[in-house]
Each structure stands twice: as structure tokens, then as C-alpha cells.
Amino acid sequence: MLASMSSKLQRQHENMDAYNMIMHLKTLFDEASRTQIYETFKELIYYKMTRGSLVNTNVLKMIGYIKKLSQLGFVMDYELTIDLVL
């Protein structure tokens, strides 16, 4: 799968100059990143603690979502992060 994706990307860009190649790749990967941000944020917002589960486990799960968003370039301010966890 990865090899076929690499060859497909290579064919798409073989006749492009460096600038156009970079801009096209940025567009492709920005869309994927935006989708990942949306899905992760949605999971964070709708995450609910299940009855009988440990608070610590749930807070760590939410922190994981927040860290993933940060890695994707979506940084929330500290107060919003605290409000979401609470």
C-alpha cells in the first residue's frame, strides 16, 4: 500500500517544479490534518465518563486527545483545556 501510494505521488509530481510540488503536497496533507483535528476534537467534546470507571483513567484519556490535537497543530489555551476536562 505504501509503495503504491509513493509511486502514485511520484507520478503526480514528476512534471512539477519544486514550488508547485510543495504547494500541492501541503494541500493534500492539510486536508488530512484538518480531518484528523475535527475527528479528535469531536471525540474530546463528546467523551463521557462511564459509570463505575476511574476518574484518573478518564482524565488521562482526555489529556491524550488534547495532546493529539496539539501535535496536529490545534493548540487550545490553558483555560479552555481545563474547562473541557472539568
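FYI, it's all coordinate maths here, none of it is from the lab. Remember, it's a predicted structure, so these values are computed and weren't measured experimentally. Every residue, glycine among them, receives a Cβ derived from its backbone with ideal geometry; neighbour counts consider all protein chains shown.
Couple of notes before you dig in:
- First in the stretch 61-86 and in contact (Cβ under 8 Å) with a residue 40 or more places away in the chain, second anywhere and part of a helix (DSSP H, G or I), Cβ under 8 Å, 6 or more apart: 73/33; 73/37; 84/44; 84/45; 84/62; 84/66
- Within the stretch 5-18, residues that are closer than 15 Å to residue 29 by Cα reach partners that are assigned to a helix (DSSP H, G or I) and aliphatic (A, V, I, L, M) with beta carbons closer than 8 Å, at six or more positions or on different chains, in the pairs 9/25; 13/21; 13/25.
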